[in-house]
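The values are calculated or read from the model by the stated rules, or taken from the named source; none is laboratory data. Keep in mind that what you see is a predicted model, and the values were worked out from it rather than measured. We place every Cβ from the backbone using ideal geometry, glycine too, and count neighbours over all the protein chains shown. Ligands, DNA and RNA are stripped out before the accessible areas are found, and what is left, the full protein with its side chains, is counted by its heavy atoms. Shrake-Rupley method; radii C 1.70, N 1.55, O 1.52, S 1.80 Å.
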Amino acid sequence: MADSTQSAEAIVSDVHKKIKAAFEAFDYESNNTVDVREIGTIIYSLGCFPTQANLHDLIAEVEEDHTGYIHLDKFLPAMTKVLLDHKFPSIPEDLLLQAFEVLDKEKKGYLEPEELTKYMTQEGEVFTQEEMDEMLTALADHEKNLVYYKDLISQLTIDPDM
Amino acid sequence: MKAAVLIQRWYRRYMARLEMRRRYTWNIFQSIEYAGEQDQLQLSSFFSFMLDNFTQLNGNGPDLISQLLDPVVDPWLDRETCYNMIPVPELYTGPRLSFPLSVSDTNALLSAFKEQQTLHARYVLQLLCETKKLLKQMPNITHLSTSYTNEITICGDLHGRLDDLLLIFYKNGLPSAETPYVFNGDFVDRGKKSIEVVILLFAYLLLYPDYMHLNRGNHEDHIMNLRYGFTKEVMQKHKAHGREILQLFQDVFSLLPVATVIDGKILIVHGGISDQTDLDFLSSIERHKVSGNKQTSNQRSDSSPQTLTEQMYNFTSLDILWSDPKTQKGCSPNTFRGGGCYFGPDITQRLLLQHGLQLLIRSHECKQEGYELCHGGQVITIFSASNYYEEGSNRGAYIKVGRELVPRFYQYQVSRTTRKLTLTQRVRAAEGSALKALKEKLFSHRSDISFSGSVSVSEWAQVLESVLRLDLPWRTLRPHLARLAPDGSVDYQSCFEDMESGISLPQVTSNLAETLFRYRTDIEIIFNIIDKDHSGLISVEEFRHTWRLFSAHLGVDIDDSAIDDLARSIDFNKDGSIDFTEFLEAFRVVHKLDSKDQQLNGKMDGDKYL
């Protein structure tokens, strides 16, 4: 019993260390506050991939009353929870590939726009028409109008600019 | 299905990161824009300084400077414009307006402008005279009612974007009894077709004074026009009568109403409000006496000190034209813009209650979707110039409101390229432009951004923020701006590696070059004023004199002999005059990694950020 509690504590302590390190990189006044504009970068650097809405919600939770600053005291517990709950994990490429292959029943190596549309707009966390149009424009090969998912995964997952 | 969810999540997160990049790109554009407006103060105070110290270089008649800068002639008075005396040549194929205007005149204008034609100066002057006469009869606040008209359409900033105006007319209909319009200021500056835009608006105003309504914006002001392109556009398109036309524009702008109220319930002003705003007071002032500009509003034409009432007039109008809403409560000075206030939801609430209003519609700020609500829906920002910062940067929008007074929004986007760009491509393109503009800003201040020894990311960011006074996430941007040295410190010189000045003149020290580059917009404006005959040339003597004044005013320590050397070296053909376009070329920043084509495009688009 003692062992498992210890390891649970150790895990939390580890997480705290990680968060503090990422935080400190942006704490230029060394007073345990960071600019709210940098918070997205901090969260991404911790390996989390929240959506825009998730980001908004998190910021609302931790921001110091519209001062434009976030204090470590508030950020630490909130972010710890996020990491321990694996709230916004990155999706490993192979898992993603498998997901696409599940949809590509005929194993063609690509998906037709209609196929993808059907899944995205009817199943899971359904896309709006606008999101769907945008996705097709972004992902479909311009000439053949097909979604070659294998190439896309590596292209889009690695974002060299951030 | 689990697979579907996974893919949806992955895609949405990718979009979120893209959105983050888009936002900081937006941030960059907006920060640079507002910082530019702050620099405006600098220029205005320089003009006052020039007026005091400038002796006329050639004694022939009043200087353009005094004409443009001295609020001497009361706009209420009739100027002597003899537009009748201006002959219109047989060969002129543009519209020949007949007053009072009819629908065939406005249609002729629409076709002409679509065909890139210019309206002849004679008609421009006549149109402005008639507009001035009409505006004199109007009150400061226009009151409209939905019971006599159908839905009223409200448009925001146009900034010389003719395509957007034409698109609105196409989608929504031309102004008429069935389609009344309110245009909420900032018709000119920045865009290349300000004259065409404002002529169309005034033409419809003359044609349908009951169905066409205009509010003044902060850019309907001669000092703003000097800096942001309208003056230049007029001078270029009307070489012979540019000055007269500008004078009339000055009068007309100062006579524009400052607010519109619909059904006593919806207030429409260009900027916003403050805790001092009082609509009754606003109705009572003599609006042509107030300047829309922060600096000159402290002067009167006869240089006597302003009375308290007059000062109140000016502050009131400044608030109306320059203020921005904020999320926090209260009212604080708008230091970012240098004029007007930041007003909170409590201020809005108070004003609406005080006057029995239910909604405030304003413009003044570019919004990605063309419109934005705030203060719990009590304030709407409406912006009608799409692609304002960059191709694909934002939509434009307009509002329609009917008897039930519920606003409906209509969005659009003018697209110059028929090739469809994905969001990723657009974000990347916009990001590229924004970063280039930002790097140029850094380049122009590089002597202030120098460090001794190694500098940490924090230090670097701190210095940048204080020197450039731009509200940006510097640490996040760092990878795009400068490399890190192996020890983790910032290699700040790496920022300027791929940039150099256009032409290198051996006599030009880097200090001088940098100063000239930093102030090149201002210098260009001053040159345009001094170059009375619009030849593109000024004499070496004029150049030296002006530059000495400018640097004295700025407190920049430039050696007199350095200036003389510079002037002589720029006078390439040694005839005693300087082609200042060539001169400015020397101080344009070239991005070495650009291809030739991009460089050319960079040259044309450079105006966009000014």
Links exceeding 32 Å between C-alpha atoms in this model, out of A:K81/B:K2; A:K144/B:K367; B:K114/B:K239; A:K144/B:K436; B:K136/B:K192; B:K133/B:K400, come to A:K144/B:K367; A:K144/B:K436
Starting from the Cα of B:A485, step 7 Å toward the Cβ, then list every residue of the range B:438-464 with an amide N under 18 Å from that point.
B:449-464
Rolling a 1.4 angstrom probe over the protein chains, ignoring ligands and nucleic acids, what is the accessible area of B:Y14 in square angstrom, nearest 10?
20
To the nearest 100 Å², how much accessible surface do chains A and B hide from each other in total, with a 1.4 Å probe?
4200
Put a dot 7 Å past each Cα toward the Cβ at A:K150 and A:Q129; how far apart are the dots in nm?
3.5
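Using the Cα centre of the range A:1-140 as the reference point, and only Cβ charges (+1 on K/R, -1 on D/E), how large is the resulting charge dipole? Debye, rounded to the nearest 20.
In debye, rounded to 20, the range A:1-140 gives about 420.
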Karplus 3J(HN,Hα) series, Hz, for the range B:469-478 with 6.51 cos²θ - 1.76 cosθ + 1.60 (x for Gly, Pro):
6, 10, 7, 10, x, 4, 5, 5, 7, 3
Sparsely packed trypsin sites (Lys or Arg not before Pro) within the range A:80-145, loop by DSSP, other Cβ within 10 Å at most 11
A:K105, A:K107, A:K108, A:K144
Rounded Å value of the spacing that divides the Cα centres of the range B:1-27 and the range A:56-134
7
Just read off the accessible area of A:E24 with the full protein assembly in place, 1.4 Å probe, to the nearest 10 Å².
110
Do any residues of the range A:30-60 show a loss of at least 50 square angstrom of accessible area between the isolated chain and the full protein assembly, using a 1.4 Å probe, and if so which?
A:R37, A:E38, A:Y44, A:F49, A:Q52
The range A:2-84 - Debye-derived log10 I(q)/I(0), Cα point model, q = 0.25 Å⁻¹
-1.27
In degrees between 0 and 90, to the nearest 10, how far off the longest principal axis of chain A does helix A:72-84 point, with axes built from Cα atoms?
40
If I stretch the segment between B:H355 and B:T118 completely, what's the gain in nm (0.36 nm per residue apart, minus their alpha carbon distance), one decimal?
80.9 nm
Can you give me the solvent accessible area of A:V62 with a 1.4 Å probe, rounded to the nearest 10 Å²?
0
Interatomic Cα distance distribution for the range A:30-162, bins of 10 angstrom, percent
10, 32, 28, 19, 9, 1
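With Cβ to Cβ distances under 12 Å as the rule, what net charge do the other residues near A:F100 carry (K, R +1; D, E -1)?
-2
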B:N84-B:S147 pseudo-label distance in nm [points 7 Å out on the Cα-to-Cβ vector]
4.5
Sorted largest first, extent of the range A:93-156 alpha carbons per principal axis (Å):
27, 26, 22
Rounded to the nearest 0.05, what FRET efficiency do B:H445 and B:S494 give with R0 = 22 Å and r taken as the Cβ-Cβ distance? Could you check?
0.85
Give me the dipole magnitude in Debye, nearest 20, for the range A:93-156 about the Cα centre, with unit charges on the beta carbon: positive for Lys and Arg, negative for Asp and Glu.
260
Of A:L139, A:H66, A:I153, which is farthest towards the positive pole of chain A's charge dipole, taken about the Cα centre with +1 and -1 on the beta-carbons of Lys, Arg and Asp, Glu respectively?
A:I153
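Count neighbours as other Cβ atoms within 10 Å of each site's Cβ, and list the chymotrypsin sites (Phe, Trp or Tyr not before Pro) in the range B:128-181 that are DSSP loop with at most 15 such neighbours. Don't skip to the answer; put the middle values down first.
Working: sites: B:Y148, B:F169, B:Y170, B:Y181; in loops: B:Y148.
Sparse-neighbourhood loop chymotrypsin sites (Phe, Trp or Tyr not before Pro): B:Y148.
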Could you check the simple spin-label distance between B:L435 and B:D278, using points 7 Å along Cα→Cβ, in nm with one decimal?
5.4
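Taking only Cα atoms of the range B:426-489, what ratio of Rg to Rh do you get with Rh as the Kirkwood inverse-distance radius? Don't skip to the end; give the middle numbers.
Working: Rg = 12.2 Å, Rh = 12.6 Å.
My calculation puts Rg/Rh at 0.97.
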